[in-house]
Amino acid sequence: MTGRELPEEFLAGYAGVLTDVARTGRRLNREELQARRAAGERAAEAGHSLRVLVNAHLAVARAAWPRSASAPADSVLAALAQAVDALAGGYERAQHLAVRQEEAARREFIDDLLYGGSDLGRLAERAERFGLRLSHAHAVAVAEGPAAYTDADPVARRVDRALVGRFGDRQLLLTTKEGRLICIAPGDPAQVLAHFAHEAREATAGGRVAVGRTHGGARGIVQSYEEALNALELAERMGLDDPVLHAADLLVYPVLTRDRQAMADLVHSTLGPLREARGGAGPLLETLAVYFDSGCIAAEAARRLSLSVRALTYRLARVHQLTGADPADPVHRYTLHTAVIGARLLDWPAQEP
């Protein structure tokens, strides 16, 4: 688009102002500057470029400038600079407002999408605006690091650039929520979310990432998001040190806690006697947890606990003595291991089941 193609409404009154400025050498007054700012705002809202807007005003200046102008050239050029500055100011203000409105609409959409509190039909319409098709299956990954992140944070921008550079327009959505990075990927999202996990951990200096399972529809996104959040919470409670967690690999834990009272009874009846040990149940419970995490290999468990194998063996014997369950016995081992997992989930013995 050239200057001549800019509608006249954006140039209204400008030629007359120039004629008076050329005659008197005065500067533009407040009303005239406001008129140029308003013209800049309207041009931005109408989709015209700032270059086209400025060129159109310069073209008017060349065409309308009186040959017999009595004002000094410096005064006239100063007034012209005022006009261009006002145009640019109004144009930029309209752009900033549009960006803020877009950000607000995007944030509202993200909230509705992840909390599932909006009309599904309307949500699907809004989703396409932000690059998602809710008719497809999606999975959600959530990354958290040592700090809270926003969409404007350099960490979020770095991860976004990495994903776009690798996958281009794959209808994935990167956003933030409650200080965490969130990636929503469609179809078969394993490759996308694996790359997101890698980039997010790099950008957050070793943060942790959880990946929900793939589900269909808008409610499936909510479910996958909740699975990822639950995986992060579970890792914190269980002391899991995996940098990338997959909800599909942790399904046994929700199963174990589905009947919370039954799990509490198991913990109390199986591990309760450990309270009688010197120093309370804590040291022996930690010993069992590390022993099971080490694949029931005494030497490895002793190394992790900074104990001698003899000291570890003594602790396991003490567990057997107090509980009647032998960690070395395959039948007893399953009961003890399940009870130890339950103790972690229920935060026992700090919290009494």
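Brief remarks follow.
- Qualifying residue in the range 306-328 (condition: closer than 27 Å to residue 210 by Cβ and either assigned by TED's automatic domain parsing to the domain that holds residue 233 or modelled with pLDDT of 90 or more (or both)): no
- Scoring residue 302 on the criteria (1) surrounded by 15 or more Cβ atoms within 10 Å (Cβ to Cβ); (2) under 25 Å from residue 228 (Cα atoms) leaves a single failure, condition (2).
- Out of 168, 206, sole residue that is without any contact (Cβ under 8 Å) to a residue 12 or more places away in the chain and over 15 Å from the mean Cα position of the chain (by Cα): 168
- Listed by first and then second residue, the pairs with beta-carbon distance under 8 Å, at least 6 apart or on different chains, first residue in the range 240-268 and in the same structural domain as residue 339 (by TED's automatic domain parsing), second loosely packed, with under 13 Cβ neighbours inside 10 Å, form an empty list.
- In the range 118-139 there is no residue matching the filter, namely being in contact (Cβ under 8 Å) with a residue 60 or more places away in the chain, within 16 Å of the chain's Cα centre (by Cα) and more than 20 Å from residue 229 (Cβ to Cβ).
- Applying the criterion of at least 1 residues that are within 20 Å of residue 216 (Cα to Cα) to the helices (runs of 4 or more DSSP H) found wholly in the range 109-204 leaves 120-129, 190-203.
To keep it simple, each residue is scored yes or no on (1) under 30 Å from residue 127 (Cβ atoms); (2) basic (Lys, Arg).
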residue	(1), (2)
231	yes, no
248	yes, no
260	no, yes
264	no, no
272	no, no
286	no, no
296	no, no
305	no, no
319	no, no
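- Candidate set: the range 306-339, residues that are over 28 Å from residue 257 (Cα atoms) and under 44 Å from the mean Cα position of the chain (by Cα); chosen: the one surrounded by the fewest Cβ atoms within 10 Å (Cβ to Cβ): 306
- Meets criteria (of a type in the set (S, T, N, Q) and at pLDDT 90 or above) for residue 175: no
- With respect to the stated conditions, residue 280 is touching a residue at least 12 places away in the same chain (Cβ under 8 Å) and either more than 30 Å from residue 194 (Cα to Cα) or outside the structural domain of residue 140 (by TED's automatic domain parsing) (or both).
- Among the candidates 213, 208, 258, 275, residue that is surrounded by fewer than 21 Cβ atoms within 10 Å (Cβ to Cβ) and touching an Asp or Glu at 6+ places or on another chain (Cβ under 7 Å): 213
- Some residue of the range 267-284 being more than 20 Å from residue 345 (Cβ to Cβ), in contact with a helix residue (DSSP H, G or I) (Cβ under 9 Å, 6 or more places away or on another chain) and among the hydrophobic types (A, V, I, L, M, F, W, C): yes
- Wholly within the range 210-307, helices (runs of 4 or more DSSP H) carrying at least 3 residues that are touching a Ser or Thr at 6+ places or on another chain (Cβ under 7 Å) and over 25 Å from residue 173 (Cα atoms): 260-271, 298-305
The values are calculated or read from the model by the stated rules, or taken from the named source; none is laboratory data. Because the structure is a prediction, the values reported are computed rather than measured. Ideal geometry is used to build each Cβ from the backbone, glycine not excepted, and the neighbour counts take in all protein chains shown.
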